[in-house]
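A quick write-up on the structure given underneath.
Just so it is clear, none of the values below were taken in a lab; they were calculated from the coordinates. Since the model is a prediction, treat every value here as computed from it, not as a measurement. Ideal geometry is used to build each Cβ from the backbone, glycine not excepted, and the neighbour counts take in all protein chains shown.
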């Protein structure tokens, strides 16, 4: 139990270390910013399962609160930031016929497609709440920023992090409760 608590505390700390320096890079002030921290969603889900997905989603909400960007759309963001990593984890642990090994081009492309699809799903979850409550926000630009953030950073930086964690540091996929 103590080991799990330590792990979860480290996940929170690591989230802050990646999120805080980039919080000032806004695309739409108060609503959308450049978020390299999205690279951690799939990593947290694949290596830490359901608790990793929950931590990732709640930390996004916490960052909205801390930065003064808490809006009604933040709650849609909470759901989306849970669902994206969770669906990736469920897919690779229970649906995919192949094991996730990112050292092959085929699996890397398949994994990248999974990331893009979940990024679109996250945009579909969050964008309507922004469009309905904040009509002054360009919902198309917002949706594009969500898709780009939740696909590009996990592809460009998440894949090398996953390879490092799994292949070099010996982390194992979380195959348990998801």
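Taking neighbour Cβ counts within 10 Å as the exposure measure, how do 116, 155, 55 sort from fewest upward?
Details: 116 16, 155 19, 55 24.
Placing the least packed residue first, the sequence is 116, 155, 55.
If you fit an axis through the alpha-carbon atoms of helix 139-153 and take the longest principal axis of the Cα set of the chain, what angle between them do you get, 0 to 90°, nearest 10?
20 degrees
With angles folded into 0 to 90 degrees, how steeply does helix 2-19 sit against the dominant principal axis of the chain? Use alpha carbons for both and round to 10.
50 degrees
Report the semi-axes of the equivalent ellipsoid for the chain in whole Å, largest first, where each axis is √(5λ) for an eigenvalue λ of the Cα gyration tensor.
Numbers: eigenvalues 140, 68, 40 Å².
Those come to 26, 18, 14 Å.
Calculate, in nm to one decimal, what residue 95 and residue 20 gain on full extension: separation in residues at 0.36 nm each, minus their alpha carbon distance.
Full-extension gain reported as 23.5 nm.
For region 131-165, list residues with backbone N below 19 Å from a point placed 7 Å from the Cα of residue 109 toward its Cβ?
Residues 152, 155-156, 159-160 qualify, since their backbone N sits under 19 Å from the label point.
Could I have the simple spin-label model distance between residue 65 and residue 141, label points 7 Å from Cα toward Cβ, reported in nm to one decimal?
The modelled label-to-label distance comes out at 2.9 nm.
How would you rank 104, 7, 114, going from fewest to most other Cβ atoms within 10 Å of each one's own Cβ? The partial results should precede the final answer.
On the way: 104 12, 7 15, 114 21.
Ordered from fewest to most neighbouring Cβ atoms within 10 Å, 104, 7, 114 come out as 104, 7, 114.
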